[in-house]
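*Asks:* The following block contains the structure, expressed as structure tokens.
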Amino acid sequence: YIYNQAEVLDFSGPFEVFSTAKRLGADSLNVFLVSESSKPVVARGGFKVLSDYSLQKHPPIDLLIVVGGVHTDEMCKLDIMTWLSSVVSTASEVASVCTGVFLLAQTGLIKGLTVTTHWEDIPDLATRFPDLNVVSNQRWVTSGKFTTSGGISAGIDMSLNIVSKHYGQQLAD
């Protein structure tokens, strides 16, 4: 899931990991971007992106990755929170990069779980969501079907870890 002011490498890094895995043999992967509408998303730095699908029409999602960026407006959008709750309930796995965890926390679906985020945002996450076990000094953390990561390169590493879990270490390498 991407949105206006999303951090470019938070979505393009994992996108590259999964699309390269598909090209190298993980044929079952269907990698795509979803945004609130069919309008262009303007990510950080003015980077314009056309998502493949909108909230209203997209294929089933087995692995949802919620990216970070300037997330505060997204947290206030009822349609986004409703959509996230719906997809999270049916997805096999859910991951976040950087401050994407704030969106997951806002849904209330990760209460009590151990999570992480970008080191600069650890105190804010712990304060805003005291029902989470927020840890630092971890590139990514997995709690059940949820994996949360730090920012940018940690999201790439987390994605490589997910590829290795499903398709083997050799493909991830």
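*Asks:* Keeping every protein chain present and rolling a 1.4 Å probe, give me the accessible area per residue for the chain in Å².
*Replies:* Value for the chain: 49 Å² per residue.
*Asks:* So, one more: What helices does the chain hold that run 15 Å or longer along their axis, going by alpha-carbon atoms, with a Kyte-Doolittle average of 1.0 or more, using DSSP H for the helix calls?
*Replies:* Correct list, ordered by number: 78-90.
*Asks:* Ok, one more. For the stretch 16-173, give me the percentage of DSSP beta bridges that are antiparallel, rounded to the nearest 5 percent.
*Replies:* Bridges in the stretch 16-173 are about 35 percent antiparallel.
*Asks:* Then there's this: Give or take rounding to whole Å, what are the principal axis extents of the alpha carbon atoms in the stretch 1-108, in descending order?
*Replies:* Between the extreme Cα coordinates on each principal axis of the stretch 1-108 lie 39, 33, 24 Å.
*Asks:* From the Cα trace of the stretch 41-173, what convex hull volume per residue do you get, rounded to a whole Å³?
*Replies:* Hull volume normalised by residue count: 121 Å³.
*Asks:* What ranking, highest mean first, results for peptides 14-23, 38-47, 151-160 when packing means the other Cβ atoms within 10 Å averaged over each residue?
*Replies:* Highest mean packing first, the order is 151-160, 14-23, 38-47.
*Asks:* While we're on this one: Find the lysine pairs in the stretch 1-114 meeting two conditions, Cα atoms under 23 Å apart and a separation of 8 or more places or different chains, and report how many there are.
*Replies:* Final tally of qualifying lysine pairs is 8.
*Asks:* Counting only helical runs of four or more DSSP H residues, what would the 222 nm mean residue ellipticity of the chain come to if each run contributes -39,500 (n - 2.57) and the total is spread over all its residues?
*Replies:* Numbers: 7 runs with 67 residues, N = 173.
Estimated from H runs of four or more residues: -11000 deg cm²/dmol.
*Asks:* Now for a separate question. Roughly speaking, what is the stretch gain from Asp131 to Asp157, that is 0.36 nm per residue apart minus the C-alpha to C-alpha distance, in nm to one decimal?
*Replies:* Values: separation 26, 0.36 × 26 = 9.36 nm, distance 2.64 nm.
Full extension from Asp131 to Asp157 adds 6.7 nm.
*Asks:* When the accessible area of the chain is split by element with a 1.4 Å probe, what percent falls to carbon and sulfur?
*Replies:* 53
*Asks:* How charged is the neighbourhood of Ala126? Take every other residue with its Cβ under 14 Å from the Cβ of Ala126, and add Lys/Arg as +1 and Asp/Glu as -1.
*Replies:* Here the charged neighbours net out to -2.
*Asks:* Then there's this: How large is the dipole of the chain about the Cα centre if only Lys and Arg carry +1 and Asp and Glu carry -1, each at its Cβ, rounded to the nearest 20 debye?
*Replies:* Dipole about the Cα centre, nearest 20: 200 debye.
*Asks:* Would you kindly derive the ³J(HN,Hα) couplings of the stretch 116-126 from the backbone phi angles with the Karplus curve 6.51 cos²θ - 1.76 cosθ + 1.60 (θ = phi - 60°), listing them in order in whole Hz, with x for Gly and Pro?
*Replies:* 9, 7, 4, 4, 5, 9, 4, x, 5, 4, 5
*Asks:* I'd like the accessible area for Val135: 1.4 Å probe, protein heavy atoms, all chains in place, Å² to the nearest 10.
*Replies:* 40
The values are calculated or read from the model by the stated rules, or taken from the named source; none is laboratory data. No experiment lies behind these values; they were computed from the predicted model shown. No Cβ is skipped: glycine too gets one built from the backbone with ideal geometry, and neighbour counts run over all protein chains shown. Only protein heavy atoms, including side chains, enter the accessible area calculation; ligands, DNA and RNA are left aside. Shrake-Rupley method; radii C 1.70, N 1.55, O 1.52, S 1.80 Å.
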